[in-house]
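Trainee: Have a look at the structure that comes next, please.
Coordinate-derived values only; no laboratory data. All figures in this text were calculated on a predicted structure; none of them were measured in a lab. Every residue, glycine among them, receives a Cβ derived from its backbone with ideal geometry; neighbour counts consider all protein chains shown.
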Amino acid sequence: MAKRISLEKLLQSLGLGTRKECRKLVRRGLVEIDGKVVEDPFMVVPKDLQKLMVAGESVEVHTELYIALHKPPRYECSHYPQQNESVFALFPPRFIKMALNSAGRLDLDTTGLILFSTNGQFIHHIESPRRGLTKTYEVELSEEVKTSQLEDLRAGMMLKGEKQALVPQSVKQLNSHKIELQISEGRYHQVKRMCKIAGLEVVRLHRTGIGKLELQNLPEGQWRYLDESDFKDLNWCV
């Protein structure tokens, strides 16, 4: 542990209940620290804590969350979904109690990398175009892409409501029906709207990277904690 904290406060910060509920967990003998049952909810948690068990289940001690998720299709990036499952249903319920939020959103049918955190400054860092973090997408198209259409995309597109054309950081052709597009703005339906102006219909959109952080082989629907190398790829210091 980086700082001194009481057991009840630690349990609450991990989304395991209110202070009162956490005190009850401890007094009922349901909390173990490094293999030993503890009964004092006000004890100071050891800085070298190795293992925390609550009600027979191991609990990882992350009082602040930084998470990468491979978003599946048909999930809404909202705590209050309208017609489909919430993407937050893919996380343990206690994460929601810790005020976990997404850094931006992906459309209902868009898949791929999306980041989550309980740190509002981190979320702003990821979302803000001023930070210069590009978002990389694989874009599958309904028809064969033409050279002229690629040139149009590279030149930039004037979207409705914008004061100037939005120019992608990079446009690469992957095959006859697929391109890779890097953008930094993150406007509403930006990739689909830019492609539509270029005469291209998007049939599948998949985000593969944010900044230098890549989705790699994280399975669809699975998540993982970000580590120090990930923070470096995102130009973020914890």
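Trainee: Collect the residues in region 183-204 that are out of contact with any Leu (no Cβ under 8 Å at 6 or more places or on another chain) and either farther than 21 Å from PRO129 by Cβ or crowded, with 19+ Cβ neighbours inside 10 Å (or both), keeping them in residue-number order. Talk me through it step by step, then tell me what you get.
Mentor: Of the residues in region 183-204, the ones out of contact with any Leu (no Cβ under 8 Å at 6 or more places or on another chain) are 186, 188-189, 196, 199, 204.
If the condition is that a residue be out of contact with any Leu (no Cβ under 8 Å at 6 or more places or on another chain) and either farther than 21 Å from PRO129 by Cβ or crowded, with 19+ Cβ neighbours inside 10 Å (or both), then LYS196, GLY199, ARG204 are the ones that fit.
Trainee: Between a first residue in region 18-40 that is loosely packed, with under 14 Cβ neighbours inside 10 Å and a second residue that is in a helix (DSSP H, G or I) and not basic (Lys, Arg), which pairs have beta carbons less than 6 Å apart while being 6 or more apart in sequence or on different chains?
Mentor: Filtered contacts from region 18-40: ARG19/GLU8; ARG19/GLN12.
Trainee: Restricting attention to region 57-66, does a residue exist that is within 22 Å of LEU215 (Cβ to Cβ) and small (Gly, Ala, Ser)?
Mentor: Within region 57-66 (the criterion being within 22 Å of LEU215 (Cβ to Cβ) and small (Gly, Ala, Ser)), the answer is no, since none of the residues qualifies.
Trainee: Picking from LYS71, LYS97, which residue would you name as being among the basic types (Lys, Arg) and within 27 Å of LYS232 (Cα to Cα)? Steps first, answer last, please.
Mentor: On the way: LYS97 fails: within 27 Å of LYS232 (Cα to Cα).
So the residue among LYS71, LYS97 that is among the basic types (Lys, Arg) and within 27 Å of LYS232 (Cα to Cα) is LYS71.
Trainee: Considering only region 116-139, state which residues are surrounded by 22 or more Cβ atoms within 10 Å (Cβ to Cβ) and among the aliphatic types (A, V, I, L, M).
Mentor: Selection gives ILE126, LEU133, VAL139.
Each row is one residue, and each column tells you yes or no for (1) buried (at least 16 other Cβ atoms within 10 Å of the Cβ); (2) more than 25 Å from ASP227 (Cβ to Cβ); (3) more than 10 Å from the chain's Cα centre (by Cα).
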site	(1), (2), (3)
TYR66	yes, no, no
GLU85	no, yes, yes
THR111	yes, no, yes
ILE114	yes, no, no
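Trainee: Something else: Answer yes if at least one residue in region 207-217 is of a type outside the set (Asp, Glu), in a loop (DSSP other than H, G, I, E, B) and touching a residue at least 24 places away in the same chain (Cβ under 8 Å), and no otherwise.
Mentor: yes
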